[in-house]
């Protein structure tokens, strides 16, 4: 396990990501506190959520816009 400051990570990102790629965990500190942990991805992490199709929402019944227009027409009479 390695600990690096945010500035060290920013200036030497390749070094730290190479370490993570080799199985190490890197903890990142900012202002003296650990704020993040970079660890190797697992097989569970390979299926990214943005690759999955989104769910479509379907609401049964009359469209809200149609109902509003009908109510406006009724109020004008």
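The table for this structure:
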item	result
Computed label-point distance, nm, for sites residue 29 and residue 75 using a 7 Å Cα→Cβ extension	6.3
Per-selection Kirkwood Rh - segment 1-41 (Cα, Å, 1 d.p.)	9.9
Helix axis angle, 64-76 relative to the chain longest principal axis, alpha carbon, degrees	30
Listed peptides 55-67, 15-27 by packing density, highest first (mean Cβ within 10 Å)	15-27, 55-67
Binned Cα-Cα distances of the chain, short to long, each 5 Å bin given as a whole percent	3, 12, 13, 11, 8, 8, 6, 4, 4, 5, 7, 7, 6, 4, 1, 0
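Rule-based calculations on the coordinates, nothing more; no lab input. Predicted, not measured: the structure shown is a model, and the values here were computed from it. Don't worry about glycine lacking a Cβ; one is built from the backbone with ideal geometry, like all the others, and counts go over all protein chains shown.
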